Each structure stands twice: as structure tokens, then as C-alpha cells.
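Engineer: Take this structure first; my questions come after.
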Amino acid sequence: MAKRTDIEGWERPASVHYPAKVTLPASRPAILHRQRLTDLLAEHTSRRVTIVSAPAGYGKTTLLLDFDQSWQAPICWYSLDERDRDLRTFLGYWVACGRAHFPSFGQGVEEALAGGEELSPAGWIHLMVSAVQEVGRSFILVFDDFHHLDEAPPELRRVLEGWLYRLPADCHVVLSTRTQPDVGVLPLMTVRQEVATVTAADFAFTCEEVARLYRDILNKEIPLDDAQHLADVTEGWAAALILMADKVQVGRTSISLEQLKGSDTLFQYIDLEQFSVQPQEVQRFLTDSAVPLAMEPQWLNELLGIDNAEEMMDYLERHNLFVTREGTDRQRYRYHRLFRAFLVSRLRTQQSQRFTELNQKAAAMFEREAQWQEAVYHLLQARAWERIIEVTERVGRELFEQGKWDILAEWLEAIPGEELDAQPKLVLWKARVLHYLNRLDQALAVLARPIQAFEAAGDEWASLAEALVTKGMCLRMKGAYHEAKEALTRARSLLLEHDGPTSVLTEARKELGITQGMCGEFAKALEELKGVLDIYQTQGDAYNIAHVSDELGITLASMGRLGEAVGHLERARVRWQKLGNDQRLMQARNNLGMLYHHQGELGRAEEVTRQGLETARQRDNTYAQAYLLGSLADVQRDRGQLAEAIEQYRRALDLARELDDAYLSIYIMDGLANAQRMSGDIADAEATVRQAAADAEERGGVFELGICNVSQGLIQRDRGLPKEAVASLERAITLLREGDAKRELSKAYFHLAEVYFSLKRKRLALDCLDAAARLVQELGYDHFLRLEASRAPLLVQYAAAHKLADGYYARMLKAMKNAAPAQAGKGSEESEQEGATSGLAAYGFGNLRVEMNGREVTDLEWRSEKSKEMFFIFLCNRRPLRKEEIVTALWPDLPDEKTGSLFHSNLYRLRQALYPECIAKDSGRYILDPQGSFWFDVEEFQEALKGAEGLPADSDEAIALMEKARALYTGQFASEFYSEWAETLRWQLEEQHMRLLTALAGACTERGEYKRSADLCQQILTVNEYNEAAWYRLMSNYVLAGQMEAAAFCYRKYVDIVSEGLGGEDIPEFEEICRQIRGPR
């Protein structure tokens, strides 16, 4: 807007002693123009009143001055102070502020004041309203520092409230205040949408505004990262941004609240403007209540030994004392970060004993509520090291199992070195946490001193064993497998020799088994891991059951036993989810994605891996990102997306090197080398695999050495060096056979057969092909070999002609020829039928039944209706169920003493009817076997409906999904069950089915498939003949199809039914309906 030029001359009454109070303050030398705020004020002028409310230093006056520069209408200004609480003083200055632009403003008020008249509040209100009306044009009247009238006497309050309530439309009033104005009429005006507000949240500087403030006003150029840091620390508070400018150093701004002191200019400003002006009772409450990070009145009452915390919080909120409600919890508050830092600093320096006592009491209260993170925060504030050690020993394992290693690390880092050194168990905890945070060198350095001390002591064998276990874990992650095995084997030997604690011995065995798996010694790894899993299951140790299940899944997958591997990984995934351990959960998902890859389900593997990768990025988990990127690259390589695979491998390799994870780095480099080889970059591939092999040689893992030798052999083959290729591949076979890595070994044999075939050594080629086929048959899957075979069709034809391995290659050749057309011609119904006939299939719609491998489980096998119903309860609730939930669903009216035996007897019958492990028990709850395969028509129905949502209703894909769902709904759900749970679900599914039919009928009409739509409408009317929408669509289909006789017959039937059941007063004539149908659609 243009600067106004039409301001009239003005004069003031002689009675005004301080003319500056009604004069617009002089423009500041530099004002940062904030267009979004001036636009907000301009928008609010459509209301009668705008409240500009924020604590001191937020820029209220600055904003109003900025607004004055752009607003065309006159702005009258009145700066208030305590003296204006006198009614006559207030009225005198009110007249004077109006006279700034309108010479005759408020003559009636002025004459009444000069004559000493004693008017009633109503009289003054009348004169003030008349004064505004007589102006005859739009203007704004600003009351700056309106909070000075919060304690105004009743007479002035009544006058103000009455005038605001009757405020003429031409006048807009702005109340600029540090508090929430205590004016009784404002709530009513707010309800009428006559009041707008600008709050501290609106004033908060954004990152970009902070950068502009420092550049344009404070002459400091700072990067956006520093600007964001300042915006976060100050919460956008303008005064703090300016007063902290001396602490800003370009490019390395990092302001810690704990570093601020009472001597800082900012704290002096807070003391002067906000704190010292408060009553002593409020000051005391402010400092004491700032001890916790967040506040709840009832909690504060207990902490501070008071009973008025809620009243005090209301006071602080009304007076804008930097307190806000936190989130959606209306009873939870917090202070502005800098204001709280000031209060805490003041209490710590001026009342140190009370500061310590309150923090210790707060810690005890949080301990009572098992809120350990908050408890330790207060113990750190109180420097109560011994209690921190007690809490860490008490809950460290629980936090560790939840994946909250960073919290433990923070606690342990805060304990002074001399205090920590006096507690060897905490030193071991610290090393373990550092290991899981991937700070391996630091962890090994921490362990060096206690290991030396334990060895010198001679009788500290248990602690020495624990330290050696952690050392072995760190060495393994660094890729020093031999040293890791040595440390872990020594730990196990010490514990066996001294009959050490079972928990430590079991952990040593577990870590040794994992390390053996990393070395490619899969058989040894399997023996150790299976042994410790039995122990953990007996103990009910959820964390370690999940951990060992994960590792067993990886080991079994490496040995080619995918079915067993999937079962263990699914159990691990479920347990990690229950434990809330996101770190481990992401690893489990990565492993499942790898299994899908091994099974040839590349699309599913990519989907699962990308989901895990997105979660890892959201949580900023570098470790999980590295593994998931490597897995994604593997999938993309095998799908022929070589450029994308190479990019992902390189990103994964950067992260793996950052993590110093040798095992992962070698694996990724080997994958990258193969992708480079397949894309024709032989030189790059050779350099990459040479580095991988050198690292593998240094680390000593037979598996890694084996896969690198396979890759080197393939590169040598592609470079025309067959003899060198044979040597590399034979060396790989020796290594992989030692590691019992059947999958990689079968690939090595196949590639060696390729090279022998090219050298015309066909007998040797056939021997290698036979060995590869035998290994694949042991594994039970062969997708990976089919992938390699697709690149060597002549070799496969040669093997098929010689009828190797009982015709394995003949079947492979046939499958390769038929794969594309068979896949293209396979319909969705056929796929679903295959899913339903393999494993266990349950049918809840129509004829209720369960089939195993295509054979129906008979009533004689179920032995009771309730055992069958119990199974369907598990199918409909794919989560762990408490016994009480199941009992309530099946026998709601029976007493507890009877339901226990009924539950167990029917659970036994269920397991006998299907198979013993079909219902698993997990931490006292019951769940369908996570390893089992259960096809359920109700789930398929709901999945199809979900898939159709969001798609255009008349699209081919949506129609196909809706038709699939319709075909699955063969009748009511579980009509033979009469329990409440079944009746409720039955009704819900009926509703979904009716909505499905309605949507499908509408889509068919839109596509011009009128006959199909009419059939669907008839189906709807069979269930509900009073469905008027279905009648109308049925008639529409017949009319649009030109079948007028059928449409007329439907109309007559519709009239009869609707008239009888609903009353037919407003039924239109048939011709009118036809016109509506034929009209614009």
C-alpha cells in the first residue's frame, strides 16, 4: 500500500501533560519489514477489535510502527501506563490521541472534563461513541501497553467495556498488550467474530526471517543452518535473537542453554522486564516450577508442597509469562526454553540447596512412575551419581532391549570418569552401548583397562568373561573375525571352567555362534544358536529369543533352508515389534526382504526393502540404511536395472565405510563388482573385487573370500582368461564348501561348468552341473540358479540332453521356455486358487469350513463347535490374544471357574484337528503360528476392497478387484456361530458387501454395461427390496439399454413395494423418471 498523504493537522487539549503518550513513536533506525504480519493486521481490520498479545520483546510495537508505514487510514496512538487507570486521566489522553488527526475529536468529552461534571459510566460511554461517530471516516485507534489497565478500577472498566461493545463500524481498535486483556465484553465479541488476535506464535521468527534479521539489521551474514538453530533455541523470540547476536559466530553457531549465566544481557533483560516485576509469591513459584521440563498442576502440588498450582498456572497464562500448553493435553504446560533456562540458572545459583532438593524429589517421583529417562535427567541435575548408577543397573537392560542405546550412552557419558571407573559393571555397560552405537574403537579403548585389571586380579573371571564377550562383538563388527572368535571362545571356556552364570555363558555362546556364521562356519553357528535359543525360551527372555531367531534366520538362509529361515525371522519380527525395538525391527525386515529375493519374489523383495529404507531414513538410522541399500541394489541388479543398482551400491558402500562395518563393506563391494561386470565396466569391476578380496583376506572370513573368488572368476571369464577363471572358481568352491554355503556353492559350480564348457572339457562341465543341481535340490529352491542359467541357455540345453540330476535341467529348460507366456496367461482367480489349495485355507463366507492341502477338516476331527469357532477368532484377530479375550468371546455368560478348563480342552482339540504348533504362545498370549501359512477368504475380501479404494471406480483395475471381492462373498459370514463377536463381524461384512454391490453396479452403468449393472441391482434388491437407490439404478439401466417394457415393469413393482412399506406420496410418474434418466448425466 502507498504511504498516506492526507493526514490532517491537529491540536491537543492543554490538560495533556505528556504529549508523547499520544504521539506515534519515532520510527526506529532499522525495522525488519515482515510482510506476513502486516498483511495479518490488515486482514484483521475487518473485525472491530484486534488483540496483539505477546510477552516483552516480541516486537509488538515494532510491528505496529511497520504497519503505520503501509496503512492508508489515520492511526491514532495512545501509550498507556499505570497513571491512566484514573478515569479522567484516561479520557483526557483518549481525546488527545484522537485530536492527533481530527481537530474536533471528542469535544463533548473534553467539555464534560473541563466542567468537572460527574457523569455516570453510561454518560461517558455515550459521549465516547458520539465522538467516534462524528469523525465520519475510517480510522484505527491503538492502545499500546494495554496491560497497564489490567488492574483498572471498576468505573474505568465499565466505561471501556461499554464503549468497545458499542464501537461504531468506522473505528478499529488495536489492544497491544503483554497479557490476556481482562475486559469482560471481549469473550462475547469473540463469539460474534468481532475480535481477532495476533499472538506470540505469530510473532515467532522463521528460519528465513532470522537470516534476514541478522543480515539486514545486525549486519551478520549467517547460513540457514545457523538461522534454524537460533530459531529453535529462541523459539523465534525477537529480543533474544538480538541480545544473543554477540554469541553468533558465522558457520559454527551452537548455543547451549546451560552455558547462559545471570550476567548475560539476555538474562538481565528477562529479569528486568518479566521476573522482578512479579510479586514474591509468583517469583518463588516460577523458579521452583521450572525444575521439571514440563508441568502438570497436580504433579507440581506434590513436588512443591503447595495446593494452588492450577491457580498459579492460570495467572502465568493470563500474564503471558512464557508458559504454553503442551500438545493436546490441556493440563500439561511448559516454559519458553530461554525463560526456563533463566529460572533454572537463578535457582541453581541463588538457592543451590533447594535446587538439589527439588531435583532429587522430582527424580524420586519419576522413579515411582517408572519414567526412568526423566528421573535420570533430574539426578544429573542434582549430581546424584550413586543414584544414577543404581537406576542404570536397574533398568539398563530394559532400555538396551528396547534399542534405546543412545539414552544409556547419554547417562553414562554424564557420569564423571572417576565415579564411572569405580563401577566396573557400568564400564562394561558403556562399552556395550558404544558397540551398538558403532563407536567401536572407543568401545575397545574403554574395555582395555578393565580387562587388564580383571586379568591381573585373577579371581575376576566372571567380569573378565563379560568384557571379552563385548570385545568379541566389537572385533566382529570391525571384521576381525579370528580375533573375535578367539575372545569369545576364551570367554566361553572361562565360564565353563568356573561353572559361571548361565546368563553370561549363554550370551558368550550366542555371540560365538553369530561370529561363526559371519566366518561362513554355518553348521557350527547353527549348533550354537539352536542350543542357546532353547535356553532363552525356557527363561522367557523375549529380547534374546528375538535376537537369536534373527541370527538363526540369517544362518539358515545362508545354508539354503529358506522355510525354516522365514519362520525364525517372522518370530523375530513379531517380538521386536512387541518390544518396541525399532533398530532391530528394521534389521528383521531387511532380512525378510533378502529371503524374498532368494525365493525369486523380486517385486515383493523390493517393496519390503523400500518400506524398511523409508523407515530407516525417517529415523536417521545409518546402520539400517546401509544394509537396506545393499539389499535394494541386489534386487535391482537381478532385475536388470544395472545403473540404479550401481548407484545404490555406491551409496551403501559410503555408509558402510562410515560405520566401519567390514563384513558389510566386503559384501557390497562384491555386489558392486558384479553389477559393473554385467554392465560391461570390466576394469572397474576388477578393481572393486580386488579391494573386496584383499579386505576379506585380511579379515579371514571364508564366506567373504569365497564369494569374492567367484566374482574374480567371472571377471576373468569375461576377459577371456578361462584358465585363471577355473583357478579362481575352484578356490571359491573349496572355501564355500568349508563354510557350507550351499547357495553360493551351487552358483560357483554352475559358473565353473560354464568355463569348462567353453574349454570343451564337457565331462568336467557335466560333473559341475550335476553338483550344482544336487545342491539346489538340498536347498529346496532354485530361483538364483535359474537367473544364472537364463544367461547360459546352451549350457542348460546340453545338460538337459544328458538327463542330468534326474532330469532337473530338462525341467529347468522347459520352465525357462514357458515362463513368459505362462505368467502372462495366468489369471487372478487361478493365482488365488493356488494360494487357497497350498497349506491351510479357511472359508468364513457361506459354507464355513477349513481345508488342509485341499482336504476339509471334518466335524469329527474338530470334536466340538467351539474349537472350530476358536480357530476363526484367531483368524479374525491377527495379533496376540489374552486368554481372557478368547474366553469372553466364546463363553461370555459362564463363571471364571468353568471357562478355564473349557478354554484348554478346546485349544487342545484345535491343535489336534490342525497341527500342534498352529497356535503359538508368546509372553502369556496366544497367536496363530507366525511360521504357518493361512489363507482366509475374509482377509482376501477385505484386501480386495481396500485395493479398489482410491482407484477410479470404473477403471479396469478397480472393477477386477471388486469382482474378486464379490466372488469371495459366497454367503453370510459364519452363519453357524451365534456369539456376539461373530454377529457383529457378520453385520459389518454384510454392510461392506452391500456397498460393494452398489459401487460395482454404478461403475458398470458408467461403462455402459447395463445388463451387468441390472443383475447387480437385482442382487441388492433380493437382500433389501426397500433400497430405493437400487430400484432407480435398475430402471436407469433398462431405460438406457432401450428396454422400456422391463423399465415399466420395474417401475410398477417399485411403486407397489414403496407404497406399501414406506408410503408413496412423492413418487414421480414413470415418464418423469425416464426424462431424468435420459437427461444430462
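Engineer: Students often get this wrong: which residues of segment 517-554 have the backbone nitrogen under 20 Å from the point 7 angstrom along Cα-to-C-beta of Glu601?
Structural biologist: 550-554
Engineer: Still on this structure, please answer the following. Give a residue-ordered list of calculated ³J(HN,Hα) values for segment 538-553 (Karplus: 6.51 cos²θ - 1.76 cosθ + 1.60, θ = phi - 60°; whole Hz; x for Gly, Pro).
Structural biologist: 4, 7, x, 7, 4, 4, 6, 4, 5, 4, 5, 4, 4, 5, 5, x
Engineer: Taking R0 as 51 Å, what FRET efficiency do you get between Ile306 and Gln942 from their Cβ-Cβ distance, rounded to the nearest 0.05?
Structural biologist: With R0 = 51 Å, the Cβ-Cβ based efficiency is 0.40.
Engineer: Report the Cα centroid-to-centroid distance between segment 734-783 and segment 697-726 in angstrom, as an integer.
Structural biologist: Segment 734-783 and segment 697-726 have Cα centres separated by 15 Å.
Engineer: What are the residues whose amide H is under 5 Å from the amide H of Asp922, where those residues sit 5 or more places off or on another chain and H is modelled from the backbone?
Structural biologist: Ile927
Engineer: In addition: Using only the alpha-carbon atoms, how far is helix 154-165 inclined from the longest principal axis of the chain? Give it as 0 to 90 degrees, nearest 10.
Structural biologist: Roughly 70 degrees, rounded to the nearest 10.
Engineer: Rounded to the nearest 20 Debye, what is the dipole magnitude of the chain about its Cα centre when Lys and Arg each give +1 and Asp and Glu each give -1 at the C-beta?
Structural biologist: For the chain, the charge dipole is close to 2860 debye.
Engineer: Something else now. Order 793-804, 449-460 from most to least packed using the mean count of other Cβ atoms within 10 Å.
Structural biologist: 793-804, 449-460
Engineer: Whole-Hz ³J(HN,Hα) for each residue in segment 995-1005, computed from phi via Karplus 6.51 cos²θ - 1.76 cosθ + 1.60 with θ = phi - 60°, x for glycine and proline: what do you get?
Structural biologist: Result, ordered by residue: 5, 4, 4, 5, 5, 5, 4, x, 5, 5, 4 Hz.
Engineer: Would you mind getting me the FRET efficiency between Leu119 and Asp232? Use the beta-carbon distance for r and R0 = 45 Å, nearest 0.05.
Structural biologist: Efficiency computed from Cβ-Cβ geometry: 0.25.
Engineer: Going highest first, how would you order 66-75, 910-919 by mean Cβ packing within 10 Å?
Structural biologist: 66-75, 910-919
Engineer: Taking 0.36 nm per residue of separation and subtracting the Cα-Cα distance, what length does fully extending Glu658 through Glu991 add?
Structural biologist: So the chain would gain 114.4 nm between Glu658 and Glu991.
Engineer: Quick one: order Met962, Met852, Met189 by neighbouring beta-carbon count within 10 Å, fewest to most.
Structural biologist: Met852, Met189, Met962
Engineer: Measure nothing but the geometry: give the 0 to 90° angle between the long axis through the Cα atoms of 481-497 and the longest principal axis through the Cα atoms of the chain, rounded to 10°.
Structural biologist: 90 degrees
Engineer: A further question follows. Using θ = phi - 60° and the Karplus form 6.51 cos²θ - 1.76 cosθ + 1.60, what ³J(HN,Hα) does each residue of segment 238-246 get, whole Hz, x for Gly and Pro?
Structural biologist: For segment 238-246, the Karplus curve yields 4, 4, 5, 4, 6, 6, 9, 4, 5 Hz.
Engineer: Compute the long axis of helix 35-44 from its Cα atoms, compare it with the longest principal axis of the Cα atoms of the chain, and write down the angle in degrees, 0 to 90, nearest 10.
Structural biologist: Value to nearest ten degrees: 60.
Engineer: Which distance in nm do the two modelled labels at Gln331 and Ser975 give, with both placed 7 Å along the Cα-to-Cβ direction?
Structural biologist: 5.2 nm
Engineer: A further question on this structure: For labels at Leu787 and Lys883 in the simple 7 Å Cα→Cβ model, what's the distance in nm?
Structural biologist: For the pair Leu787/Lys883, the computed spacing is 4.7 nm.
Engineer: For Glu897 paired with Thr538, estimate the spin-label separation in nm (one decimal), with each label point 7 Å from Cα along the Cα-to-Cβ line.
Structural biologist: Distance between the two pseudo-spin positions: 3.7 nm.
Engineer: Would you please put 878-888, 645-655 in order of how densely packed they are, using the mean number of other Cβ atoms within 10 angstrom per residue and starting with the highest?
Structural biologist: Final packing ranking: 645-655, 878-888.
Engineer: So if R0 is 25 Å, what FRET efficiency would Glu730 and Asp684 give, r being the distance between their Cβ atoms, rounded to the nearest 0.05?
Structural biologist: Approximately 0.50, to the nearest 0.05.
Engineer: Right, another one. Within a 10 angstrom radius of the beta carbon, how do Phe750, Phe1070 rank from fewest other beta carbons to most?
Structural biologist: Lowest count first: Phe1070, Phe750.
Engineer: Between beta-carbons, use under 10 Å as the cut-off and find the net charge around Pro722, counting Lys and Arg +1, Asp and Glu -1.
Structural biologist: +2
FYI, it's all coordinate maths here, none of it is from the lab. Small disclaimer: the values here were computed from a predicted structure and weren't measured. Methodologically, a virtual Cβ is constructed for each residue, glycine included, from the backbone with ideal geometry; neighbour enumeration extends over all protein chains shown.
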